Amino acid sequence: MTGRERVLAQLEGREVDHLPLMPITMMFAADQRGVRYRDYVTDHCVLAEAQIYTAEKFGFDYVSVISDPGREAADLGAALEWFDHQPPAIVESRALLAEKSALARLKPPDPRRGRMGDRVAGVALLKARVGAGKIVEGWVEGPCAMGADLRGINTLMLDFLDDPAFVRDLFQFAVQMELAFAEAQLAAGADLIGVGDAAASLVGPRIYDEFVWPYEEKLVEGLHALGARVRLHICGRTRRLFAGMGRLGAEIVDLDWMAPLEEARRVMGPGQVLLGNIDPVEALRKGTPESVTAAIAECHRRAGPRYIVGAGCEVVRDTPEENMRGLCQYARATMP
């Protein structure tokens, strides 16, 4: 099977020859190819080359355009601080929506231009070069993450209590913008859309169910209506959010290492495809090839057959190659 065939078969509940392999690599991929991370996030040709090189070197079943959370925010006019060897950071002291009234004047950018357009071009390049053999993954921000990018994370947390109507308007704007962004990536050849909503892990179940989940649901439903498969990525401590995450209907749910995998399986049910859960620092980066293999085998045991191999979050840039190979070899040698 090709990597693309393998992932699609796993998502559809069909037989596969071995476990699919989909670890998130960003700075790791840039370092593998020997390029500055600033170039990786600003030039889709550099990103695509690093993704393809890394995926082929380690035998991944996919490539991805995930790079940083600042693409949409930048095209809306948010201030970013740039670094040569780290992702750009949104300058919260100059938050685009420091004044809530600015939301009414905000217009969704054209996803074919600017930093969003560079990501769309990255999808097209990846599809042209490896799309027949590997899954091509697009990426958008989830509503809570996008709200935090535009408002500032601490301010947004207060908004949940101080101005619920504003939060709902903000999340609705985010969903509409991200669906347009996703549609452009799908048109360019994406097989799967990743949704990164890390900020959602910072709220409790009441706020998640009342404010965040309804807009994640709108986003997932909208992506499905566009013909997309969805990978939900909420890193951090998501245990209290399992029930809602499982109800969203995303084809893949990523689980960070703090999330108890057995409980996620019990709450989300036997049909949900789960991904990851190995600690990217203590287990993958600091371990040995043998301990990495043992750790990912335990994740697989707890998750059951509806599982994809990957780390709990992004693979750390200085992860030893032999440890990465321990992770990958387990996937290639193991049936679901």
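The values are calculated or read from the model by the stated rules, or taken from the named source; none is laboratory data. Small disclaimer: the values here were computed from a predicted structure and weren't measured. Counting neighbours? That spans all protein chains shown, and the Cβs are built from the backbone with ideal geometry, glycine included.
Values computed for the structure shown
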{"item": "Cβ pairs under 7 Å, 6+ apart, first in the stretch 197-224 and over 19 Å from LEU150 (Cα atoms), second charged (D, E, K, R) and not in a loop (DSSP other than H, G, I, E, B)", "result": "GLY204/ARG240; PRO205/ARG240"}
{"item": "Hits in the stretch 2-55 (condition: part of a helix (DSSP H, G or I), free of Cβ contacts under 8 Å to residues at least 60 places away in the same chain and charged (D, E, K, R))", "result": "GLU5, ARG6, ARG33, ARG38, ASP39, GLU49"}
{"item": "Options LEU161, LEU170, LEU125: the member that is touching a Cys at 6+ places or on another chain (Cβ under 7 Å) and part of a helix (DSSP H, G or I)", "result": "LEU125"}
{"item": "Some residue of the stretch 219-240 being surrounded by 23 or more Cβ atoms within 10 Å (Cβ to Cβ), closer than 25 Å to ALA9 by Cβ and of a type in the set (Asp, Glu)", "result": "no"}
{"item": "Test: residue in the stretch 133-140 that is in a helix (DSSP H, G or I) and at pLDDT 95 or above", "result": "no"}
{"item": "First in the stretch 283-295 and within 12 Å of THR319 (Cβ to Cβ), second anywhere and at pLDDT 95 or above and basic (Lys, Arg), Cβ under 8 Å, 6 or more apart", "result": "PRO289/ARG325"}
{"item": "Selected residue [on the phi < 0 side of the Ramachandran plot, in a loop (DSSP other than H, G, I, E, B) and either among the acidic types (Asp, Glu) or touching a helix residue (DSSP H, G or I) at 6+ places or on another chain (Cβ under 8 Å) (or both)] from ALA199, ALA190", "result": "ALA190"}
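Quick grid of which residues meet (1) over 19 Å from ALA174 (Cα atoms); (2) among the aliphatic types (A, V, I, L, M); (3) modelled with pLDDT of 95 or more:
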| site | (1), (2), (3) |
| --- | --- |
| GLU56 | yes, no, yes |
| ASP61 | yes, no, yes |
| GLU72 | no, no, yes |
| ALA79 | no, yes, yes |
| PHE83 | yes, no, yes |
